[in-house]
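Report on one structure; see the data block that follows.
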Amino acid sequence: MAHYRTKTMKTQFKILSFVLFLSVAAAQPKLVPITILHWNDFHAQNEPYNVTVKSRATGQDTSFTVGGTATLLGYLNKYRQESPNPLLLHAGDDFQGSPISSQTYGRSQIELLNLIKPDAMTLGNHEFDYGSEKLRSYFPLAQFPILTANVYDTIRKTPFAQPTRIIKTGGVTVGVMGLTHPQLETLVIRDSLVGLIMLDIDSVATSHIREFRQQGVDLVVSVTHMGLRLDSLLAMNHPEIDVIVSGHDHVPLFTPKRVNRTIIVQAGRWGRYLGKLDLQVDLTGDSVYSFAGRLIETRTSDIVPDPVAEREVERLVGELRTAMEEVIGELKTPWVRTPDRRRSESNIGSWQTDVMRAYAKTDIAIQNSTGIRTPLAAGPIKVGDIWRMNPFGNYFVVFEVDGKTLRQMLEFQSSVSTQEWCQVSGLRYIFDSRKPAGERVQSIQLGGKTLEESRIYTIVTNNYVTSNIPAHFGIDSKGLKFRTLPTMDRDVFIDAVRQMKTISSFTDGRVIDLGANR
């Protein structure tokens, strides 16, 4: 009897051990490495460019060359070959920023991206700059998926572009969802968005994440062009998203940002950095087991540029280069843009608005600060400098308001974000940002005289601003009569440089914030 008990106990022990073994084996994660190579806000910087950094140790400036399509592709090729399961993801705004993009209405960027072949690209706001129909015409040319889940075409009653893509690599099923900035209509001239509406981000995300789970997706990735603030909200509201590849606000995140369980990455702008996010995906739990992310500076000295891309860039820009290199004047003082996150006057903004007011023969000129895209060092002024500075191809528009409305516009300006902040000519005003909104403007003068509320004043601005008057000035555009002038903005500025030949630009206190730096 004792012998029987011993055999039984041994058998039971073996069974228990086997069950425990199976339990432990089942609990062990099944890990698969995935590498996400990502970039954003390239803005048609197809040729390498110089950057200067100051050494913290020596205080000395060091200059070197970075970026360009061929250089970026060289780095992508290197890390694509080194990574067992690479994914290439582009978070939008490849269009707009150099003459070739403007000349070809963005087609140059589609042709170059066909060489890179990202696994998915989301649409940024600048992809719409040449009109949604022009953008749509490029979809058949693109040899890579273009995604956005929250732009809907009310005329065709279909999504404007492909909302999502399923990618299988290394045994991992990846669901990629594209999202475009929900306030697209304030970032693009409204005439470029005829028939398009923006769908609610949360509803769209909920729907597609549900579909991903039904399709057996292991890793949920959202490629967005919305900026880090909205990306963080997306991560808070939808913790099922494992990774957000971010764009729009040009932030180089040298270390990934974690919001709850979601990993957020962004790689600055202009192709200076390539983002590399290494993941270990746990297939048993459909989650990220571990991750490590970094930004790789795309120094031209450290990589062999892709020769095919190099030839294609030269083909595209070669014919333009001679025209763009023409020297048309000399700048004695650097042209400096408004500092980030500051509502202040800039010397380049003052020069441009002075030129606009003289060209249009109006009382006032207004230029949105973000419409001035690049600064310029003292020295020769070339045609290409003005193209890069004002790449959008806007036209000037004249309208009239009475003094009371003008006061309301400036009061609203005193509280706007830097996205809507404007440079001015023909008027001076003082405001106090410490005071409540609606009570900030302290004084307004035009031509040395105090504002008269009953007088009619003429204003020139650009067609982007007039298409978004409520966002910039807080007034309704209904009832205003707009007159578009015939010459493109950059051509007006180029002609002004030719005539002036030598230019010194300074800020002169036309906008003063009593609350700044206090």
Quickly run through the range 254-270 and pick out the residues that are touching a strand residue (DSSP E or B) at 6+ places or on another chain (Cβ under 6 Å) and closer than 23 Å to T300 by Cβ. F254, A267, G268
For the range 58-70, what are the residues that are surrounded by fewer than 11 Cβ atoms within 10 Å (Cβ to Cβ) and assigned to a loop (DSSP other than H, G, I, E, B)? T58, G59, Q60
Can you confirm whether the range 71-78 contains a residue that is in contact (Cβ under 8 Å) with a residue 12 or more places away in the chain, in contact with a Ser or Thr (Cβ under 8 Å, 6 or more places away or on another chain), over 19 Å from T300 (Cα atoms) and of a type in the set (S, T, Y)? no
Among the listed residues E312, E345, identify the single one that is among the acidic types (D, E), out of contact with any strand residue (DSSP E or B) (no Cβ under 8 Å at 6 or more places or on another chain), in contact (Cβ under 8 Å) with a residue 24 or more places away in the chain and crowded, with 18+ Cβ neighbours inside 10 Å. E312
Please work out if G285 is crowded, with 21+ Cβ neighbours inside 10 Å and not assigned by TED's automatic domain parsing to the domain that holds T374. no
Among the candidates S222, S246, residue that is within 24 Å of R373 (Cα to Cα) and crowded, with 24+ Cβ neighbours inside 10 Å: S246
For the range 289-306, indicate whether the set of residues that are assigned by TED's automatic domain parsing to the domain that holds I34, touching an Asp or Glu at 6+ places or on another chain (Cβ under 7 Å) and of a type outside the set (G, A, S) is non-empty. yes
Note on the range 287-333: residues within 30 Å of D242 (Cβ to Cβ) and in a strand (DSSP E or B) are S287, V288, Y289, S290, F291, A292, G293, R294, L295, I296, E297
Looking at the range 36-57 only, could you name the residues that are more than 15 Å from G106 (Cα to Cα), modelled with pLDDT of 90 or more and in a loop (DSSP other than H, G, I, E, B)? N40, E47, P48
When both residues are 6+ apart or on different chains and their Cβ atoms are under 7 Å apart, which pairs have a first residue that lies in the range 190-212 and is within 30 Å of N394 (Cα to Cα), and a second that is of a type in the set (S, T, N, Q) and part of a helix (DSSP H, G or I)? R190/S467; D191/S467; S192/S132; L193/S132; V194/S132; L196/S132
Is it the case, given these coordinates, that T104 is under 21 Å from R490 (Cα atoms) and either modelled with pLDDT of 95 or more or surrounded by fewer than 21 Cβ atoms within 10 Å (Cβ to Cβ) (or both)? yes
Looking at (1) of a type in the set (K, R); (2) closer than 27 Å to R428 by Cα; (3) surrounded by 17 or more Cβ atoms within 10 Å (Cβ to Cβ), which is the one condition that is false for K382? (2)
Test: residue in the range 46-65 that is under 30 Å from Q280 (Cα atoms) and in contact with a helix residue (DSSP H, G or I) (Cβ under 9 Å, 6 or more places away or on another chain): no
Scan (1) touching a strand residue (DSSP E or B) at 6+ places or on another chain (Cβ under 7 Å); (2) farther than 30 Å from L316 by Cβ; (3) not charged (D, E, K, R) for the single condition T158 breaks and write down its number. (1)
Somewhere in the range 270-291, is a residue on the phi > 0 side of the Ramachandran plot, touching a Phe, Trp or Tyr at 6+ places or on another chain (Cβ under 9 Å) and not hydrophobic (A, V, I, L, M, F, W, C)? yes
Out of G371, G384, G403, G393, I need the residue that is at pLDDT 95 or above and small (G, A, S). Which one? G403
In the range 276-286, how many are part of a strand (DSSP E or B) and not aliphatic (A, V, I, L, M)? 4
Filter pass, V217 being farther than 25 Å from R269 by Cα, assigned to a loop (DSSP other than H, G, I, E, B) and touching a residue at least 40 places away in the same chain (Cβ under 8 Å): yes
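The values are calculated or read from the model by the stated rules, or taken from the named source; none is laboratory data. Since the model is a prediction, treat every value here as computed from it, not as a measurement. Cβ sites come from the backbone with ideal geometry, for glycine too, and all protein chains shown count toward neighbours.
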